[in-house]
Amino acid sequence: MKEKIKMTNPIVELNGDEMTRIIWKMIKEMLIEPFVELKAEYYDLGLKNRDITDDQVTIDAANAIKKYKVGVKCATITPNAQRMEEYKLKKMWKSPNGTIRAILDGTVFRTPIIVKGIRPLVGNWVKPITIARHAYGDIYKDVEYRVEKSAKAELVITYENGEVVRQTVHDFKGPGVLMGMHNLDASIESFARACFNYALNQKHDLWFATKDTISKTYDHTFKDIFNHIYENEYKDKFNEAGIEYFYTLIDDAVARVIRSEGGMIWACKNYDGDVMSDMVATAFGSLAMMTSVLVSPDGNYEYEAAHGTVTRHYYKYLKGEETSTNPIATIFAWTGALRKRGELDENKSLIKFAEKLEVASLKPIENGIMTKDLAMISNLPNKKAVNTKEFLNEIKNNLEKII
């Protein structure tokens, strides 16, 4: 075995929940620690620890990413009522991803991992589609209220000079629910510039879509800010690069994407990006085959898998049953973080290791050895579905050969 690769500065490691937490440990022990002298500032974002710390651990982890510039995150649970009962929580904590996005003020770019033998479910998609997801506000920072009886709900704005503006939201004649959400011009501007810069870097067309015909103030603000920045800062650059920016309604964008060959960056508001990235990932093969990176305007990066904690497999695992959980996106979260750490520290050995681990991870799939989710959709002959540990062993064997 060669001497382990040394790291100059740490990455921020954010552990998570359920099956992805199990796989996280396996990836570190099998694929990273035997080859890299890992430096990591560790934060446990498992739901129990978030509850114990009143979610302060999430805030601390986000601030650590601001300090060290690079983080890697395991999938985490955003609790609902059922989870609150299951974990005996003090309260229904907010999405940790939403909290981190708000602190870093970044944009999430999610791109499917293309591999031979996995044909997209949309037959005309031949190029990857990147979803650019706004990472602040909307329902992820909402305020909700349960109305129990007849009531008048108002939106009240109180300015610093004492001026008060009121708008009636709804006159409730009985029980119902109410939600308030917000966004910031500054955050939308950061989102727009991140998308334009990423499109120029990738030389890909940029699409942006909202529902401004219905939301004539909220969504229209997004549209106007994007258009203003494009016309004044990026139009000439896009023309020189031979790429296009255009705005359309979200429902039209969905129809256009399905008919396209792919190859574009599709910018979406926060919730739209959450949903559409899952749709794109599934159509390209699997939620476990999609990379995700949060990029902040001041150069901070947080890498994670685009999927959740794989709860169903975790319950099987607890019963001692075999699982075939796909670890690829989680591996690519690690490789993305290690590569970026290497780039920032000018550590070529770390960059090369990340590249080799990615090649080693996809090789078994190309050879017909894969987890069950991929075996069900692969068009390769003589394919073989294996369990999670067997698949990770295949990757490790390939990695050892490459190194």
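Any read-out appearing in this document is the output of simple, stated calculations on the displayed coordinates, not a laboratory observation. Owing to the predicted nature of the structure, the values given are computational and were not obtained by experimental measurement. Glycine also receives a Cβ, built like all others from the backbone with ideal geometry; neighbour counts cover every protein chain displayed.
Using Cα pairs closer than 8 Å and at least 6 residues apart in sequence, work out the relative contact order for the stretch 351-403, in percent.
Details: 46 pairs, mean separation 23.3, N = 53.
Relative contact order comes out at 44 percent.
Based on Cβ point charges of +1 for Lys and Arg and -1 for Asp and Glu, what charge dipole magnitude is obtained for the chain about its Cα centre, in debye rounded to the nearest 20? Write down the numbers at each step before the final one.
On the way: 56 positive and 56 negative charges, 262 e Å.
Magnitude of the dipole: close to 1260 debye.
Would the stretch 1-95 count as rounded, prolate or oblate if I go by the C-alpha gyration tensor, calling it rounded below 1.5 in a/c and otherwise prolate when a/b exceeds b/c, oblate otherwise?
Details: a/c = 3.72, a/b = 1.80, b/c = 2.07.
The shape class here is oblate.
Could you tell me how many degrees, from 0 to 90 and to the nearest 10, lie between the Cα long axis of helix 185-202 and the main elongation axis, the longest principal axis, of the Cα atoms of the chain?
40 degrees
Just subtract the alpha-carbon distance of D185 and K372 from 0.36 nm times their residue separation and send over the number in nm, one decimal.
Full extension of this stretch gives 62.9 nm more.
Residue separation times 0.36 nm, minus the C-alpha to C-alpha distance between K152 and I52: what's the value? Intermediate values should be presented prior to the final figure.
Details: separation 100, 0.36 × 100 = 36.00 nm, distance 3.77 nm.
Extending this stretch completely gives an extra 32.2 nm.
Taking the alpha-carbon centroid of each part, what is the distance from the stretch 54-95 to the stretch 178-210 in angstrom?
25 Å
How tilted is helix 328-345 with respect to the longest principal axis of the chain? Cα atoms for both, answer in degrees (0 to 90, nearest 10).
Its long axis makes an angle of about 90 degrees.
Return a whole-number percent for the relative contact order of the chain, with Cα pairs under 8 Å and 6 or more residues apart as the contact set.
Working: 756 pairs, mean separation 82.9, N = 403.
Relative contact order here is 21 percent.
To the nearest 0.05, what FRET efficiency results for K237 and D298 with a Förster distance of 25 Å applied to their C-beta separation?
0.75
Rounded, prolate or oblate: pick one for the chain, where a ≥ b ≥ c are the square roots of the eigenvalues of its C-alpha gyration tensor, a/c under 1.5 means rounded, and failing that, prolate if a/b is larger than b/c, else oblate. Before the final figure, lay out each step's value.
Numbers: a/c = 1.63, a/b = 1.38, b/c = 1.19.
Prolate, because a/c is 1.5 or more and a/b exceeds b/c.
Between the stretch 344-377 and the stretch 272-313, what is the C-alpha centre distance in whole Å?
Cα centroid to Cα centroid, the span is 17 Å.
If r is the Cβ-Cβ distance from K116 to V275 and R0 is 25 Å, what FRET efficiency results, to the nearest 0.05? Before the final figure, lay out each step's value.
Details: r = 28 Å, r/R0 = 1.13.
That gives a FRET efficiency of 0.30.
Helix 250-259: angle to the longest alpha-carbon principal axis of the chain, degrees 0 to 90, nearest 10?
The two axes meet at around 30 degrees.
Report the antiparallel proportion of the DSSP beta bridges in the chain as a percent, rounded to a multiple of 5.
Details: 29 of 59 bridges.
If I count the DSSP bridges inside the chain, around 50 percent turn out antiparallel.
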